[in-house]
Amino acid sequence: MKAVVYTQHGLPIDHPEALHDMELPAPVPGPRDLLVEVRAISVNPVDTKVRRGAAVSAPRVLGWDAAGVVVATGAEVSAFKPGDTVYYAGSLTRPGSYSELHLVDERIAGHKPASLDFAAAAALPLTSLTAWELLFDRLRVPEQGGAGKSLVIVGAAGGVGSILTQLASKLTDLTVIGTASRAETRAWVRELGAHHVIDHGQPMAPQLAALGIAHADIVVSLTHSEQHYADIVEMLAPQGQFALIDDPATLDAMPLKRKSISLHWELMFTRSMYETADMARQREILDRVAALVDAGTLRTTVGEHFGAITAANLRRAHALIESNKAKGKIVLAGF
């Protein structure tokens, strides 16, 4: 099968060997696996982090988001059959989705939204799961709850932010304040349903106060948390909640104590990495997201389509992700 791999970590993305095309043997499904013919993928910051930082002794296939068609199933699979269309975000502990054929555990795959093509569907899984788990599992905001409370999403125009803004504005009663630093991304965040947009390139607490919101009840930081940390602590209300998904070099929790602020981490891969008892919750979330998309409540967050799934196109996609200027998701389709 065709695949895109890296064989040396840490190479700059403009190096031709940072990602390259390779033929690999087709994988064989285990008892709970789906063998998927990959039709489309999307690229996430985790793809670039692993390529830069994870050493390899053999070619490694990156990529987690995928949409495709089930071509075979393991002996214990019960929720899918060959011919079903699926979308999913995969597992950190298994080969990735930059390949014509891919294995995924049925517990973390969902039925693709019927109203979307494969590329539009591939934009959704990792960010939808991350945003859903953040809002409803980690922060425990009830659906249709949160009236009278405010949520600030730092980095609302990115992949996760684009879904979280929609979920919070459509499925809760929270007042949603997104942050974005460019005119283009501010317009995008408003379009996705944010009630207000502020600029994270400037001190945020005064901008929040100018909106008549003295403090935020919840702040979710999706990017550059270390850089914004002091501002976030200032913005948060006493007994507020702070959640994050990125990887600050350090995070000193002591400034949270004075206000009794609770700290919430979200890693979408935790359930699959540890095969938790509720691992199949991710299939339930993806099926729910698909239903919301098909009902017109949620929309896909494709920012750019980079063409076929090739090493050259994936190097371009990684470069845009690393520039921190991506809006929404970058998708690729077809080999």
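The values are calculated or read from the model by the stated rules, or taken from the named source; none is laboratory data. Everything quoted here is computed from the prediction, not taken from an experiment. Cβ coordinates were reconstructed from backbone atoms using ideal geometry, including for glycine residues, and neighbour counts include every protein chain displayed. To get the accessible areas, we keep the full protein, side chains included, count just its heavy atoms, and leave off ligands, DNA and RNA. Shrake-Rupley method; radii C 1.70, N 1.55, O 1.52, S 1.80 Å.
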Fill in: Cα Rg, Dmax (largest Cα-Cα span) when computed across the chain, Å
19.7, 60
Worksheet item: Stretch H9-A249 to full length: gain in nm at 0.36 nm per residue minus the Cα-Cα span?
Response: 84.4 nm
Worksheet item: Using a 1.4 Å probe, what is the accessible area per residue for the chain, in Å²?
Response: 40 Å²
Response to the item:
Placing each pseudo-label 7 Å from Cα in the direction of the beta carbon, D117 and E322 end up separated by a distance in nanometres of 2.9 nm
Discussion item. So for each of 247-257, 81-91, 143-153 I average, over its residues, the number of other beta carbons within 10 Å; can you give me the resulting order with the highest mean first?
Written reply: 81-91, 143-153, 247-257
Item to complete: Would you mind checking the pairs K2/K112; K49/K259; K259/K327; K49/K112; K2/K81 and listing those with alpha carbons more than 29 angstrom apart?
Response: K49/K259; K259/K327
Worksheet item: Hey, with R₀ at 22 Å, roughly what FRET efficiency would S181 and L211 work out to, going by the Cβ-Cβ distance, to 0.05?
Response: 0.80
Worksheet item: Nearest 20 debye, what's the magnitude of the dipole of the chain about its Cα centre given +1 on Lys and Arg Cβ and -1 on Asp and Glu Cβ?
Response: 340 debye
Discussion item. Given points 7 Å out from each Cα along the Cα-Cβ axis, report the L92 to A312 separation in nanometres with one decimal.
Written reply: 3.4 nm
Fill in: Computed [θ] at 222 nm, deg cm²/dmol, the chain (DSSP H ≥ 4; -39,500 (n - 2.57); rounded to nearest 500)
-8000 deg cm²/dmol
Discussion item. For q values of 0.10, 0.17, 0.19 Å⁻¹, compute log₁₀ I(q)/I(0) with the Debye formula on a Cα-only model of region 199-305, without solvent.
Written reply: -0.43, -1.00, -1.06
Worksheet item: Roughly speaking, to the nearest percent, how much of region 1-112's 1.4 Å accessible area is carbon and sulfur?
Response: 56 percent
Discussion item. Explain nothing, just the number: relative contact order of the chain, from Cα pairs under 8 Å at least 6 residues apart, as a whole percent.
Written reply: 20 percent
Item to complete: Enter the angle in degrees (range 0 to 90, nearest 10) between the Cα long axis of helix 311-322 and the first principal axis of the Cα atoms of the chain, meaning the one along which they spread out most.
Response: 10 degrees
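Among DSSP bridges having both ends in the chain, what percentage is antiparallel? Round to the nearest 5. Could you put the intermediate results ahead of the total?
Values: 30 of 53 bridges.
Beta bridges within the chain, antiparallel portion: roughly 55 percent.
For a protection proxy built on the mean count of beta-carbon atoms within 10 angstrom, sort 120-129, 7-16, 301-310, 200-209 highest first, please. List each step's numbers first, then the result.
On the way: 120-129: 29.5, 7-16: 12.8, 301-310: 18.8, 200-209: 16.8.
For the peptides 120-129, 7-16, 301-310, 200-209, the packing ranking is 120-129, 301-310, 200-209, 7-16.
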